[in-house]
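The next block holds one structure in the form of structure tokens; read it before the comments.
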Amino acid sequence: MDYVRVANLEASSGQNLASRVTGSEKCRIGLSRVAPGAGSPSGLHIHEVDQLCYVLKGTLKMEIGTDPYEPGVEIKTEFVSAGPNTLLVVPAGIPHRNWNDGPEAEYHLDILVPEPEPGRPGSTTVRDQSARGP
């Protein structure tokens, strides 16, 4: 197992830094690169586990639910913006989506704790919509 992993900010879309594949059984950490105008491909979605996003470079915009998702119940959201050295915390079951409306790529560490169980979906779409802005 490689105990030291170098994050490659030039990776086209992202990089797996830690997961079951790399020997980490309890969490998944990825380096995510969000190009200008891009964002969550599935729209508003939820995870069965907690998600944390630590912004390294650029500005990450996020629409995030005020309450855990319940089918058939209106999803109320708010909008937040996070720059470098900022941690966004999204508890399991909270609807959210992210995007980059800046002129340059945004980079963040995407942390899932615990790592989703094998065979379980990484995320579930709860409202399909464009990944760009509000």
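Within the stretch 12-30, take every residue that is part of a loop (DSSP other than H, G, I, E, B) and surrounded by fewer than 14 Cβ atoms within 10 Å (Cβ to Cβ) and give me the one that is modelled with the highest pLDDT.
Here the residue is Lys26.
Cβ-Cβ distance below 7 Å, separation of 6 or more or different chains: which pairs start in the stretch 1-14 with a residue that is within 26 Å of Pro41 (Cβ to Cβ) and end on one that is aliphatic (A, V, I, L, M)?
Arg5/Leu17; Ala7/Leu17; Ala7/Leu31; Ala11/Leu31; Gly14/Leu31
What pairs come out if I take residues in the stretch 59-85 that are over 16 Å from Arg33 (Cα atoms) and pair them with residues that are small (Gly, Ala, Ser) and crowded, with 18+ Cβ neighbours inside 10 Å whose C-beta lies under 6 Å away, six or more apart or interchain?
As it stands, the answer is Ile75/Gly65; Thr77/Gly65, since those pairs meet every condition given.
Taking the stretch 89-123 only, how many residues are in a loop (DSSP other than H, G, I, E, B) and either more than 23 Å from Ala11 (Cβ to Cβ) or of a type in the set (Asp, Glu) (or both)?
14
Only residues that are farther than 15 Å from Leu56 by Cα and touching a Cys at 6+ places or on another chain (Cβ under 9 Å): list them for the stretch 4-34, please.
Of everything in the stretch 4-34, those that are farther than 15 Å from Leu56 by Cα and touching a Cys at 6+ places or on another chain (Cβ under 9 Å) turn out to be Ala18, Ser19.
Let me confirm something: among Arg127, Arg97, which residue is closer than 19 Å to Arg33 by Cα, among the charged types (D, E, K, R) and touching a Gly at 6+ places or on another chain (Cβ under 8 Å)?
Arg97
If Pro114 passes every condition in (1) within 20 Å of Leu17 (Cβ to Cβ); (2) surrounded by 14 or more Cβ atoms within 10 Å (Cβ to Cβ) but one, which one does it miss?
Among (1) within 20 Å of Leu17 (Cβ to Cβ); (2) surrounded by 14 or more Cβ atoms within 10 Å (Cβ to Cβ), Pro114 violates only (2).
The values are calculated or read from the model by the stated rules, or taken from the named source; none is laboratory data. Because the structure is a prediction, the values reported are computed rather than measured. Every residue, glycine as well, gets a Cβ built from its backbone with ideal geometry; the counts of neighbours run over all protein chains shown.
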